[in-house]
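Everything on this sheet refers to the single structure shown next.
The values are calculated or read from the model by the stated rules, or taken from the named source; none is laboratory data. This one's a predicted model, so the numbers in the text were calculated from it and none came from an experiment. Note that each Cβ is placed from the backbone with ideal geometry, even for glycine, and that neighbours are counted across all protein chains shown. Note: accessible area is taken over every heavy atom of the protein model, side chains too, but ligands, DNA and RNA are not part of it. Shrake-Rupley method; radii C 1.70, N 1.55, O 1.52, S 1.80 Å.
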Amino acid sequence: MFEKLKDGLRIFGAFFFMMPQLTPNKLVIETLRVSEAKYRNLFEHIDQGVIYLDGAGVVIAANQAVEHIFGVSRDRVVGRKFLDTCFKAIKEDGSVFLEQQQPSVLALRTGKPVEGMVMGLFNVDRQSYTWVVVNSVPEFRQGEVRPYQILMTLTDITQQKLSEGKLSLASVIFNNIGEGIFVTDKDKKIVSVNDAFTAMTGFSYQDVHGKRAHFLQVKKNHLKVDEAVTEQGMGMNSWQGEVWRRHKNNKDFPSWTTVSEVKDSDGAVTHYVHVFMDITHFKKAQDHLGFLAYHDPLTKLPNRLLLKDRIDHSLQNAVREGSQAAVLFLDLDRFKNINDTYGHDVGDGLLMEVAKRIKNLVRKEDTFSRYAGDEFVVFMENIPDAKNPAKLARKLIGTFDAPVYIKGHRLKISTSVGISLFPQDGRDTETLIKNADVAMYRAKKEGRNNFQYYSPEMNHQAFEKMTIESALCQSIDQHELILYYQPQVCLKTGKLVGVESLVRWMHPTRGLMSPQQFIPIAEEIGFIVALGEWVLQNACMQMRRWLDQGFRVNKMVVNVSAVQFLRSDFVATVERILALSGLEPRYLELELAGGNFMDNSEQTIKALNQLVTAGIDLTIDDFGVGCFSFNNLKRIPVKKLKINSSFVVDVVNNAEDEDIARAVIALGHGLHLQVIAMGIESKAQQNRLSDLGCDEGQGYLYGYPVLPWSEVFQKMMKQ
Ligand code: C2E
Ligand code: MG
């Protein structure tokens, strides 16, 4: 085609430039006119640019297509050297064409045609390069060796170059993208893979070429891509889903795969492109999140969501089969105190240990879950009889007989358990758990470390307890707390040696409540800390007032609950209150609640020593009750022991009580401690205790707990 065109143009060129030199006759002239018109038409309207240059390389003619290529009118082209016609001409590698390299100059110089030279000619109009393939053909006059003119044709290949560019870009992306890609033909046979594919699957192109796409899938796929692709007909032109991929070394991995169709111009599928990424890490994270949604992160036990699910499901079976089930609700006794005292690390450690111990006791078919904070629930399905849960409850309680050691602390804990039964105590999960919780509260009220079966009247009591708790928390702000004071005397002289402060709560509807009714609740809900500070501050201020009024009294005795003095800020609180009330430490005596919660940790011993060093006296309250260890007594810098009133009541008539009183007094004196007896109501009790060597006494015999302005004090203090 190009050859034909070239010939035509050459003939046309010969006529075009030689015409004026011919001697015409009419026929020749007509023939020439027709021929010239034909070729001029061809010259003007052909797609290719055509340029004639003379022997000096100057453009003598250019067609319309040239205007389109250069983006300037022909006037700018004709009469100039080729390179001067455009602003810039570049090669494919982007370098600039020099004068001697350009095709017409080469053709002129060598006398040989230059064909297929690719040039980028700057188009002024579009401000971009027009890419052309240039052919430069020298033309000779007969007998001459130097060309007298050059015919140049310029074929615009800009579009072709652009798509070549796009293709090479696609190829760069194909080979450098992080996703694995493989392409199959319409029969799903693999025809191409990228580098990431090989890196991710271990398979090279040679390994998989010609194999069907499902060769790369693992059987455990939920959805086989093959099926998805054909069955869904790729209606959306693409399919996405999770596909387990085969790895050459058998380490299968999950991938997220997108399959897209490639169609020809008739809409028929020619290829499928599979793009996939390895989602192993994502799946792991997802699995972990799924686990967290249904498990407690600390103990790894099922959480309340999973528990509810399991109970819901199991109750459906129980209804069908007519079987019984039970919910056991466990709450650790005084866990909050441990958390507040030793910090959350120790609290967490304790919860993990609790989970471990209980796990060993429950059956495989039971669900053991951490319900919240220090609350655990065991769900027993298909139990043989109503007594069965009690057996487990006993084991659960018994497992805490042995102390728990966490971060060097020896913790003695116990648990209270409430039991509800299906179907009698509730026919749905919520009711069963709620009623087991109510029964657990009853167990706590009954002195903790035990279990209770639910009974309907408990609900009323649980409501009562909640009401009391919320009212108690407001008692300070509502000015409902009152301090009573009770004298303590020297048994030998009968003189006043101290005054014990005893708190009461003026409940808005129930009237005056004794500390035994609300102190345990305050301890349980943590309100004891605020209450204790209030008592300490008011007692110290009262003592200051009495001293200022000239009353002679040695000690203000203040009761301190274990929850208070096990707190790390206890010493600072006492010092702050003393400073605030202006009371010297030597006037203060703290009565520490004994019992089994007293620990002998370094921190506690250090705090108690700090108090003693400051001049404050310490007494162990209710000595002889609970499990206060002799070992602790040696290490704690106390000054006095208080004998519990239960041994005083029958000290005269009951030899055993007398023996205990004698033993406590001897023990105290052996450790160089003073001993005070509590609850002396009669002269006989006073005399017997005095004979046994008891140093001090307190009881109705000397005075009831009364308000500070009571006459008893006025009289006694003036003695
Ligand atoms: P406690 O420290 O052993 O206080 C002595 C209790 O015995 C007082 O009861 C008192 O009224 C009573 N009592 C005194 N003399 C006699 C007597 O001759 N016969 C009889 N039968 N009882 C007598 P109260 O005031 O009801 O206090 C009970 C317990 O409440 C106290 O026992 C103490 O452990 C606690 N408590 C009282 N006030 C506070 C306080 O401010 N903080 C703390 N943490 N506990 C307090
Ligand atoms: Mg006391």
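Taking 7 Å steps out from each Cα toward its Cβ at residue 84 and residue 671 produces label points 12.0 nm apart.
What whole number of Å gives the distance from the Cα centroid of segment 512-572 to the Cα centroid of segment 115-159? Taking the Cα centre of each part, segment 115-159 and segment 512-572 sit 109 Å apart. Per residue, the convex hull spanned by the Cα atoms of segment 473-718 amounts to 127 cubic angstrom.
Answer rounded, prolate or oblate for segment 456-496, using the Cα gyration tensor with square roots of eigenvalues a ≥ b ≥ c: rounded when a/c is under 1.5, else prolate when a/b is larger than b/c, else oblate. Oblate, since a/c reaches 1.5 and b/c is not below a/b.
Under 5 Å from the amide H of residue 255 lie the amide H atoms of 243, 244, 245, 279, each residue being 5 or more positions distant or on a separate chain, with H modelled from the backbone and absent for Pro and chain starts. Extension gain, residue 579 to residue 710, is 44.5 nm, computed as 0.36 nm per intervening residue step minus the present C-alpha separation.
If only the Cβ of Lys and Arg carry +1 and only the Cβ of Asp and Glu carry -1, the dipole of the chain around its Cα centre is close to 1140 debye.
For every other residue with a beta carbon closer than 13 angstrom to the beta carbon of residue 528, add +1 if it is Lys or Arg and -1 if Asp or Glu, then tell me the sum. Spelling it out: positives minus negatives among the neighbours equals -2.
Beyond 21 Å, the tail of the calculated P(r) for segment 295-455 holds 42 percent of the Cα pairs. In the chain, the DSSP-assigned H stretches of four residues or longer account for a calculated mean residue ellipticity at 222 nm of -13000 deg cm²/dmol, using -39500 (n - 2.57) per stretch and the full residue count as denominator. Charge dipole of segment 392-548 (Cα centre as origin; +1 on each Lys and Arg Cβ, -1 on each Asp and Glu Cβ, all else neutral): 660 debye, rounded to the nearest 20.
Counting protein heavy atoms only, segment 473-718 has 51 percent of its accessible area on carbon and sulfur, 1.4 angstrom probe.
Could you tell me which of rounded, prolate or oblate describes segment 46-163, using a ≥ b ≥ c as the square roots of the eigenvalues of the alpha-carbon gyration tensor, with rounded for a/c under 1.5 and, failing that, prolate when a/b is larger than b/c and oblate otherwise?
Working: a/c = 1.84, a/b = 1.52, b/c = 1.21.
Prolate.
Sequentially through segment 693-710, phi angles give Karplus couplings (6.51, -1.76, 1.60; θ = phi - 60°) of x, 5, 7, 10, x, 8, x, 4, 4, 9, x, 6, x, 9, 6, x, 8, 4 Hz, Gly and Pro residues having no value and appearing as x. Descending by average beta-carbon neighbour count within 10 Å, the peptides 693-705, 93-105, 429-441, 40-52 line up as 429-441, 693-705, 40-52, 93-105, the highest first.
Per residue, the solvent-accessible area of the chain (1.4 Å probe, heavy atoms of protein chains only, all protein chains present) comes to 50 Å². Amide H to amide H distances under 5 Å link residue 588 with 556, 617, where only residues 5 or more positions off or on other chains count and H is placed in the peptide plane. A simple spin-label model places the labels of residue 317 and residue 191 5.6 nm from each other, with each point 7 Å out along Cα-to-Cβ.
Show me the ranking of peptides 143-150, 449-456 by mean Cβ neighbours inside 10 Å, starting with the highest. Display every interim value, and only then the final one.
Working: 143-150: 14.8, 449-456: 18.9.
The packing order, highest mean first, is 449-456, 143-150.
Note on residue 258 and residue 72: with the Förster distance fixed at 45 Å, the Cβ-Cβ geometry gives a FRET efficiency of about 0.40. Within the full protein context, the accessible area of residue 473 is estimated at about 70 Å² for a probe radius of 1.4 Å.
For residue 303, the residues 5 or more places off, or on other chains, whose built amide H falls under 5 Å of its own are 295, 296. As a length-normalised measure over Cα pairs under 8 Å and 6 or more apart, the relative contact order of the chain settles at 6 percent. Site pair residue 175 and residue 460 shows an inter-label distance of 8.8 nm when each label is modelled 7 Å from Cα along Cα→Cβ.
Taking the protein heavy atoms of segment 46-163 in the context of the full set of protein chains, the accessible area attributed to carbon and sulfur is 51 percent at 1.4 Å.
Between residue 268 and residue 430, the C-beta separation translates, for a Förster distance of 60 Å, into a calculated FRET efficiency of about 0.50. Semi-axes of the equivalent ellipsoid of segment 52-94 are 18, 14, 8 Å, computed as sqrt(5λ) over the eigenvalues of the C-alpha gyration tensor in descending order.
Translational diffusion of the chain was estimated from the Stokes-Einstein equation, with Rh taken as the Kirkwood radius over Cα pairs; at 25 °C and 0.890 mPa s the coefficient is 67 µm²/s. Applying the Karplus relation 6.51 cos²θ - 1.76 cosθ + 1.60 with θ = phi - 60° to segment 671-688 yields 3J(HN,Hα) values of 9, 6, 10, 7, 10, 10, 9, 10, x, 7, 10, 10, 4, 4, 4, 4, 5, 4 Hz, where x marks Gly and Pro.
Separation of segment 180-221 from segment 37-89 is 53 Å, based on Cα centroids.
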